[in-house]
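The structure under discussion appears below in the form of structure tokens.
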């Protein structure tokens, strides 16, 4: 599969904290900008943006620099944002960023990204330790999963698939594929790349259904292969209890 297939796939030798990217966030202040227009809404459709020209994310359009992003992230895959809205003049997109703090949003120039539609969704229910995958609004896959231990919990929230990584060893601790999401561990802040979270396979099948991970969501390897093949970057990921 090419690097750009399904909006970005890369080989990875190590997934510290489960895979992700880290950018320096510059704390600034800027006047609030009202979201005066929203994207067209359709049932079971979300929007994502793939960076095509290096850009800066701002706290409001053109003001309050947050971070700079290139075409590729630190793991060599496409830089992807989840789109939350658009400015009245359609020149700016309001996007969720793959940064700490979890769920942080910013504004990027619409002309520097390709906007795509996504009809898939992943829901992780920590209470019953289940992963459910929806396609065009219909349940397409479900599986028991291992979740974060009490000391290293899986973070609740609304995220998105921001990268898809292929480990060197399909029989290793991450299985045949790691679906990186825009969430970070709330406690493992010192880990490489900031302690990012992923949904991935495992070489410890006994752990499925237990709260034992460092915050990542582990699923059986056969399920991991299916989910990896069908969940493109930009897919919304809801982690709830």
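Rule-based calculations on the coordinates, nothing more; no lab input. Quick caveat: nothing in here was measured; it's all calculated off a predicted structure. Here the Cβ positions follow ideal geometry from the backbone for every residue, glycine too, while neighbour counts run over all protein chains shown.
Measure off 7 Å from each Cα along the Cα-to-Cβ vector at residue 139 and residue 212, then give the distance between these two points in nanometres to one decimal.
Output for this residue pair reads 2.6 nm.
Using a basic spin-label model with each label point 7 Å from the Cα along Cα→Cβ, how many nm lie between residue 130 and residue 166?
About 3.2 nm separates the two model spin labels.
Set the Förster radius R0 to 25 Å, insert the Cβ-Cβ distance between residue 53 and residue 192 as r into 1/(1 + (r/R0)^6), and round the FRET efficiency to 0.05.
E between residue 53 and residue 192, to the nearest 0.05, is 0.35.
What's the extension gain from residue 119 to residue 229 if we count 0.36 nm per residue and subtract their Cα-Cα distance? Please report the intermediate quantities before stating the final value.
Values: separation 110, 0.36 × 110 = 39.60 nm, distance 1.42 nm.
Fully extending the segment from residue 119 to residue 229 adds 38.2 nm.
Take residue 43 and residue 91, extend 7 Å from each Cα along the Cα→Cβ direction, and tell me the distance between the two endpoints in nm.
Taking the two extended label points, one gets 3.8 nm.
So for each of 137-144, 113-120 I average, over its residues, the number of other beta carbons within 10 Å; can you give me the resulting order with the highest mean first? Present the calculation step by step, with values, prior to reporting the outcome.
On the way: 137-144: 13.8, 113-120: 17.0.
The densest-packed peptide leads the list: 113-120, 137-144.
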